[in-house]
């Protein structure tokens, strides 16, 4: 079941009732929808979810006014419910320089640079620029507000409306001639919601779960979990690299919580845990995580769990820059994991910054990617993606899939650790 989500960019600048706005084309603020009318941050993008009060901040880390947006998120606005931790539209738009070694990428807060920064040329950026991790902003907000702030993942494919059966746009002669995921760019980001039964649930069950934070954000990793007790248990359907961040401090103090980076290691049975760990660094990939919250020192804290799979595929043969074909074809050293190369998924290449490749089709070790779209805004089409400077035998195609669980808060009481928000969330 898909829940209706409204993306509001115009809402930050013009709302029905403002003196410079005219009906009927201007939006009407939804009930309990947060500060829809103009605020100091002109470009604050927000999302409103059907039957969920408040709003979620969109792409806070790539917007040219991202520092102002972070300040707004930390200001204490009671209607703020969460933020995007992944946005498929942004991932398509951004030029990234992917290091050739995982050791050069922070496992909790990935930080990438761009030598071209063409994604935001409309905002008059010039030269190189950097893409900060949404998780860094998420934790800064959680540590400042000391209450649950939820993370969303979505496609944001508003330019390519329609679906496989009902195309809104006709294909140009140089486009990929398909009405599937590689054209409409869906299936990149999902918010996986807990419902009472997979066979019997309603839209109200979905919106209530989102309202209460009973969901996790994902770009292709499946999790099951139990966060109700003193020991959090998380199970993944494939080996993943787990990470646990958080904050710890005083609940009533005006001082933000101090950052908490939980050290993880593998136990004798292969489970990743925070018990009896001393060495820092990323734990080995595993399918099970157990975090004992009693090991956290502090009277009030939260932890936030994420999982990641990053797979590197050496390029055996790179596409020719002179090819007249409508798609580019990479031949890899090995047959890729099907989960990494589903149609419509994004692959990045090591080396000089470039936009991601959109997977079109796969045959064995050969991967075809989209070469051109004729429709779309200049800052989100893959038209500036290039295969120039790719060196076969040296460069790699890199596939990443992530999952982010919602924060788990605890405070110390006479009866042990308790969730300070359980009463609020059960209403």
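Read-outs throughout are calculated quantities, based only on the coordinates presented, and are distinct from any laboratory measurement. In this text the structure is predicted, and so the values were computed from the model without any measurement. Note: ideal-geometry Cβ built from the backbone for every residue, glycine included; neighbour counts use all protein chains shown.
So here's what we get for this one:
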item: Highest average packing first - 224-235, 268-279, Cβ atoms within 10 Å; result: 224-235, 268-279
item: Least to most buried among 218, 323 (fewest other Cβ within 10 Å first); result: 323, 218
item: C-alpha center-to-center spacing [the range 276-342, the range 222-251] in angstrom; result: 17
item: Computed over the range 253-349: relative contact order in percent, which uses C-alpha pairs under 8 Å that are six or more apart; result: 16
item: FRET efficiency for residue 201 and residue 275, using Cβ-Cβ distance with R0 set to 51 Å, rounded to 0.05; result: 0.90
item: Residue exposure sequence - 417, 188 - by fewest surrounding Cβ within 10 Å; result: 417, 188
item: Label-point separation in nm, residue 418 to residue 224, each point 7 Å along Cα→Cβ; result: 3.1
item: Ratio of Rg to Rh over the range 310-400 (Cα coordinates, Kirkwood Rh, two decimals); result: 0.93
